[in-house]
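Here it is, the structure, as structure tokens.
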Amino acid sequence: MAAAATPSGASSGTDSQKTVVELGTATVRFCGDSGDGMQLAGTQLSTTSALFGNDVATFPDYPAEIRAPRGTKAGVSGFQVHFASTAIYTPGDQVDALVAMNPAALATNLADLVRGGILVVNQDAFDAKDINKAGYQSDPLQDQSLDNYQLFKVSMTKLTRAAVEGLELSVKEADRCRNFFAMGLVFWLYGRSMDATLRYIDEKFGKRPAIAEANRRALKTGYYYGETTEAFSSHYSVPRATLEPGTYRSIMGNTAVAWGLIAAAKSSDKDLFFGTYPITPASDILHELSKHKNFGVRTFQAEDEIAAVCSAIGAAFSGALGVTASSGPGIALKSEAIGLAVMTELPIIVINVQRGGPSTGLPTKTEQADLLQAIYGRNGECPLPVIAARSPADCFDAVQEAWRIASTFMVPVILLTDGYIANGSEPWKIPDAKSLPENKIQHPAGSSNGEKFLPYARDARLARPWAIPGTPGLMHRLGGLEKQDGTGNVSYEPENHQLMVDLRQKKVDNVAKEIPLQEVEGEENAKLLVLSWGGTYGACTTAVHRIIAEGGTVAHAHLRYLNPFPSNLGSLLKNYEKILIPELNMGQLDLLIRSRFLIDTFSFNKVQGKPFAISEIEEKIKELL
Amino acid sequence: MSTDTSLPILKASDFASDQEVRWCPGCGDYSILAQIKKILPTINVPRENTVFVSGIGCSSRFPYYMNTYGVHSIHGRAPAVATGIKTARPELNVWVITGDGDALSIGGNHLIHAIRRNLDINIILFNNQIYGLTKGQYSPTSPLGKVTKSTPMGTVDNPLHPLSIAIGCEGTFIARSIDVHTKHLSNVLSRAANHKGTAFVEVYQNCMVFNDEAFEYATERDTKFDTILELEHGKPLIFGKNRDKGIRLNGMDPEVVQLGKGISEDDLLFHDEKAPEPSLAYLLSRMSQPDFPEPIGVFRAVDRPRYEEEVDEQIEMAREQQGDGNLDTLFQTGDTWIVE
Ligand SMILES: Cc1ncc(C[n+]2csc(CCOP(=O)(O)OP(=O)(O)O)c2C)c(N)n1
Ligand code: SF4
Ligand SMILES: [Mg+2]
């Protein structure tokens, strides 16, 4: 086999006639029709870069319609990969290289390519009909409109078809290999090795040798095309990043949630029950968990979201780790039942992978507009803890933390993630299973002495005992009607209701005593604090780092705990003259902070279904400095 | 069985909780409560392994009155809660108590899916053809034209037949009884309790206050023999005070015939609760007053795999094929790299 690329800074071997330019960071986006395999191309580039040792962050962007009409802008699917020799926290604002498989993909993505950036197009896809469909008046490859970019017109369709000749594939099958050609070319361009992708092809298509061979050939043809043709005079290298020592893998947010749940179940010696109803962008949690039945995981695809959360409540009542996951519209359906979990004081985890709303909204796009829904979106005084994950890998820790709080305080906990971190990926330092925090759960033992069991007796935290069926002597009935404290019997007494409302609130307040104090990063004497939560972590952190690198004075606090807030948050905020709260909503955390701490703030909002660009936050910070 | 001897022998009263029962005096719910308490000691499941789950409605207060584990959940959702309990803990004996509004209006979706999954649970539907708890609006089983608080000019929407729905879902155990026919009721409940799979039982229940005498035809001495037909497996469909009337098939449709005059028992439709196809059960579920006597008893009792057993089996299979779940192995699957 021909040698795979030697991804070193110095140019060597057969490549010697081409110059190698070393870069600190590169952002590449593949885009094409939703059937063009762009998600796979992006995933392969990110795996390969991660394996090589870069820090990596990815951002898939795909249409809501599975098969929007071919060649239209609505059907364009993209996958962005950012890899670097230093720590990075986002998939990057603008892209350095754009691979566009058809005119529609070019039209919808060009705006994100840096001026002077590399633009690789499949010129075979630029026929009059598709150019027209993309809304161009004239062929962009022929007019002067792309003069500001390094344009590479490549006959990907023709070259791929030629490469797979003799394998007796249909034209359609042959064309399906084009994404491997594109991958090969990009791999060469950035000095990546083809090994991981070749391994992937073996695993994935091993049972269909002709297809496997076709993809192998397409990949290599793309690679050698870059190496041998005159078109590309230089290529690039992005050296390894210095990450903390350890074994790493690449992980997506939804996978990290699923694995975190499995770990949470293991470390608390519980069986995991996951009740859910499919919804973008949360379904992958179900897909992932359903593969791991050997951990005793029970996944239940319910008839709707109400059944899903109710089944999780039933599982929790019976002593399991009951979990449900959904996205905005599904969470709305669950609200009544979440109230039941608050009332029955049963520990469940409700995961909301937020997407653009309201209503069906933007199913495949990201947003943070369900924060107030999570904290307040139920009838009655119905408090519960709410926490948020900040990055794909962080979902692993966040969901275990949700379970620690739920099981120690006997309360449902909402974990907020979002479409951006759910589908995005980053390197994750694999923990040693033995090092995961243990969560010892005590169920009261049975009694036979006839002593009356009090299901709503309370411990120091105000948590009630989690007595489970099968335990003699502890038979009790739970329900949504107001309970008498202690006995749990139905009670309509005015004073008791006040007491119970107070108790449920105090119990949630008590969570603040058992979570870490809020930390601040950045300059000590800063007058401006950036206060963020959830998936905007990467953009905010990077923006703050950049400002500091340029000599600016700014600090950053990123919240994991949204209800209750860390106990030092109020006093901490008072140290700053200005507080900037960037959110992908119309100012929901901002509202909470203002009303809670009676302070002035600067709310910075964006609701376009897209994450913040680092530059947007940077500019905002500069404005306020 | 000899292993059962270690279990204390329980009485109906052992299943009563310390809570005062608060249904209206004379409510049919009392009788159903009494019969369930009576049969529970006979099925040899310890109280602590028994869970009653309900939704919202007069009938759904039921779990509070049982000295077992219980969940009084939210309106219509009891089958979903029960599904979670039974799937997570298959060894538990799980009962769902529901009303006609709870099960067939707001909870219709959960009901049909619970039945089709065939979890080993018992669903007892207290059908009083009215919304009791909310004080007398019509329900999805109220007969057409019924005048209620919310339908002063009579209902205009066609009622549902609970058993037809359950049979449409291919329920494996489908039965009907009547609150005041205590002996019949306890027999049906025992059979439901002993059935492996979802047992769906409709009980005609009198709501004294908002729909009194809705089932008078089925309970009054003068009329009940003509309006009710007791099903018995393998026996012809005969009814009437003198057991002189029967049901015969005419093409695809049932008809009432007088026995004698050239018609013998052999000409009648024979009940077969074990018929693999649910068509006979469906036909029976469609028979209603005033054209036909309404069958009570077991319409259908067949065997089909239980959801929770299948789930467990897959877990076992996964363990055999992949080995017991190991976190370190899981984290290391796929591509990893080492940073030194
Ligand atoms: C979400 C919701 N909607 C409405 C109600 C009001 N509600 C309580 S019980 C009930 C109807 C009960 O009728 P049924 O199920 O027939 O029970 P019954 O009282 O007749 O036993 C209604 C509408 C409620 N509790 N929750
Ligand atoms: S209102 Fe009707 S159903 Fe409800 S308790 Fe009274 S009699 Fe029974
Ligand atoms: Mg009713």
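Report, in degrees rounded to the nearest 10, the 0 to 90 angle that the Cα long axis of helix A:195-205 makes with the longest principal axis of chain A.
That works out to roughly 70 degrees.
Let me ask something else about it. Karplus couplings for the range A:550-565 from phi (6.51 cos²θ - 1.76 cosθ + 1.60, θ = phi - 60°), rounded to Hz, Gly and Pro as x?
Ordered by residue, 3J(HN,Hα) equals 7, x, x, 10, 8, 10, 9, 10, 10, 8, 9, 9, 9, 7, x, 6 Hz.
Given H placed on each backbone N at 1.01 Å, which residues far from A:ILE579 in sequence or on other chains put an amide H within less than 5 Å of it?
Close amide H contacts, sequence-distant or interchain: A:LEU529, A:PHE602.
While we're on this one: Taking θ as phi - 60°, what are the ³J(HN,Hα) couplings along the range A:104-115 by the Karplus curve (6.51, -1.76, 1.60), each to the nearest whole Hz, with x for Gly and Pro?
My calculation for the range A:104-115 gives 4, 5, 5, 4, 7, 10, 4, 4, 8, 7, 5, 4 Hz in order.
Here's a follow-up. At 1.4 Å probe size, put A:ARG596, A:ARG199, A:ARG216 in order of accessible surface, largest to smallest.
Output order, biggest surface exposure first: A:ARG596, A:ARG199, A:ARG216.
Given a Förster distance of 35 Å, report the FRET efficiency between B:ILE263 and B:SER190 from their Cβ-Cβ distance, rounded to the nearest 0.05.
After rounding, the FRET efficiency stands at 0.55.
Still on this structure, I have one more. Nearest 100 Å², what total accessible surface is buried between chain A and chain B (probe 1.4 Å)?
Its buried surface, counting both partners, is about 5400 Å².
Before rounding to the nearest 500, sum -39500 (n - 2.57) across all DSSP H runs of length at least 4 in chain B and divide by the residue total; then give [θ] at 222 nm in deg cm²/dmol. Working shown, then result.
Numbers: 10 runs with 93 residues, N = 340.
Dividing the helical sum by the residues of chain B leaves -8000 deg cm²/dmol.
With axes computed from alpha carbons, what is the tilt in degrees of helix A:305-317 against the longest principal axis of chain A, rounded to the nearest 10 within 0 to 90?
Roughly 50 degrees, rounded to the nearest 10.
Hey, another quick one. Under the rule of at least 5 residues apart or a separate chain, name every residue whose amide H is placed under 5 Å from the amide H of A:SER237.
Placed amide hydrogens put A:VAL21, A:GLU22, A:LEU23 under 5 Å from A:SER237.
Separate question: Assuming a ≥ b ≥ c are the square roots of the Cα gyration tensor eigenvalues, decide whether the range A:241-399 counts as rounded (a/c under 1.5), prolate (otherwise, with a/b larger than b/c) or oblate.
Values: a/c = 1.63, a/b = 1.21, b/c = 1.35.
Oblate.
Considering only DSSP beta bridges with both partners in chain B, what is the antiparallel share in %, to the nearest 5? Walk me through the intermediate numbers first.
Working: 19 of 49 bridges.
Expressed as a percentage, antiparallel bridges in chain B total about 40.
Averaging over every viewing direction, what projected area does the convex hull of the Cα atoms of the protein assembly as shown cover, in nm²?
48.0
Please list 3J(HN,Hα) in residue order for the range A:267-282, calculated via the Karplus relation 6.51 cos²θ - 1.76 cosθ + 1.60 where θ = phi - 60°; whole Hz, with x for glycine and proline.
So the J values, rounded to whole Hz, are 6, 10, 6, 10, 8, 8, 10, 10, x, 7, 10, x, 7, 6, x, 9.
Ok, one more. Would you mind telling me the antiparallel percentage of the DSSP bridges in the range A:2-237, rounded to 5? Don't skip to the answer; put the middle values down first.
Numbers: 16 of 34 bridges.
So the antiparallel bridges in the range A:2-237 amount to around 45 percent.
Taking beta carbons within 10 Å but only from partner chains, what does the mean come to for residues A:289-298?
6
Within 10 Å of each Cβ in A:193-201, how many Cβ atoms from other chains are there, averaged over the peptide?
1
Taking 7 Å along the Cα-to-C-beta vector as the label spot, tell me the A:ASP485-B:ASP18 distance in nanometres, rounded to one decimal.
About 1.9 nm, to one decimal.
Related question: Average partner chain C-beta neighbours within 10 Å, per residue of B:40-50?
Shielding by partners across B:40-50 averages 2.
At a Förster distance of 45 Å, what's the computed FRET efficiency of A:GLU165 paired with A:GLN142, Cβ-Cβ distance as r, to 0.05?
0.95
If I model a spin label as a point 7 Å beyond the Cα along the Cα-Cβ vector, how far apart are those points for B:ASP335 and A:MET586 in nm?
4.3
A further question follows. Extending each Cα 7 Å along its Cβ direction at B:ASP253 and A:ASP304, get the distance between those two points in nm, one decimal.
About 3.6 nm, to one decimal.
Between B:THR198 and residues 5 or more places away or on another chain, which pairs have amide H atoms under 5 Å apart, with H built 1.01 Å from N, and which residues are they?
Those lying under 5 Å, H to H, from B:THR198 are B:ASN118, B:LEU119, B:ILE121, B:THR172.
Give me the distance between the Cα centres of the range B:265-340 and the range A:546-574, rounded to whole Å.
A separation of 54 Å, based on Cα centres.
Something else now. On the accessible surface of the protein assembly as shown, probed at 1.4 Å, how many percent belong to carbon and sulfur atoms?
51
Can you work out the FRET efficiency for the pair B:ASP324 and A:GLN608, with r the C-beta to C-beta distance and R0 = 45 Å, to the nearest 0.05? Don't skip to the end; give the middle numbers.
On the way: r = 47 Å, r/R0 = 1.04.
After rounding to 0.05, the efficiency reads 0.45.
Taking the DSSP beta bridges in the protein assembly as shown as the whole, what percent of them are antiparallel, to the nearest 5? If you can, show how the numbers build up before the last one.
Details: 51 of 137 bridges.
Counting DSSP beta bridges with both partners in the protein assembly as shown, the antiparallel share is about 35 percent.
Which shape class, rounded, prolate or oblate, goes with the range A:2-237 when its Cα gyration tensor gives a ≥ b ≥ c as root eigenvalues, a/c under 1.5 marks rounded, and past that a/b bigger than b/c marks prolate? Walk me through the numbers before you get to the answer.
Numbers: a/c = 1.36, a/b = 1.11, b/c = 1.23.
Rounded is the answer for the range A:2-237, as its axis ratio a/c remains below 1.5.
What number comes out for the charge environment of B:PRO140, summing +1 per Lys or Arg and -1 per Asp or Glu over other residues with Cβ under 15 Å away?
-3
Moving to a separate point now. For a test of the definition: using alpha carbon positions, the gyration tensor, and the 1.5 limit on a/c, classify the range B:97-232 as rounded, prolate or oblate.
Since a/c reaches 1.5 but b/c is at least a/b, the shape of the range B:97-232 is classed as oblate.
For A:TYR492 and A:SER567, calculate 0.36 nm times their separation in residues minus their Cα-Cα distance, and state this gained length in nm to one decimal.
23.6 nm
Right, something else. Multiplying the sequence separation of B:GLU213 and B:MET317 by 0.36 nm and subtracting their Cα-Cα distance, what value in nm do you get?
Here the answer is 32.0 nm.
Mind ranking A:416-422, A:427-433 by how tightly packed they are, going by the mean number of other C-beta atoms within 10 angstrom, highest first? If you can, show how the numbers build up before the last one.
Working: A:416-422: 30.4, A:427-433: 18.3.
Output ranking for A:416-422, A:427-433: A:416-422, A:427-433.
Can you give me the angle between helix A:537-549 and the longest principal axis of chain A, using Cα atoms only, in degrees from 0 to 90, rounded to the nearest 10?
Taking Cα atoms only, the helix is inclined about 70 degrees.
I'd like to check one number: the per residue accessible area of the range A:252-515, probe 1.4 Å, reported in Å² as a whole number.
31
Further question: At a 1.4 Å probe radius, which order do A:SER290, A:SER567 fall into by accessible area, largest first?
Order by accessible area, largest first: A:SER567, A:SER290.
The values are calculated or read from the model by the stated rules, or taken from the named source; none is laboratory data. Note that the structure is a prediction, hence the values are computed from the model and not measured. Because the Cβ atoms are built from the backbone with ideal geometry, glycine has one as well, and the counts that use them run over all protein chains shown. Each accessible area value is taken on the protein alone, full model and side chains, heavy atoms only, with ligands, DNA and RNA left out. Shrake-Rupley method; radii C 1.70, N 1.55, O 1.52, S 1.80 Å.
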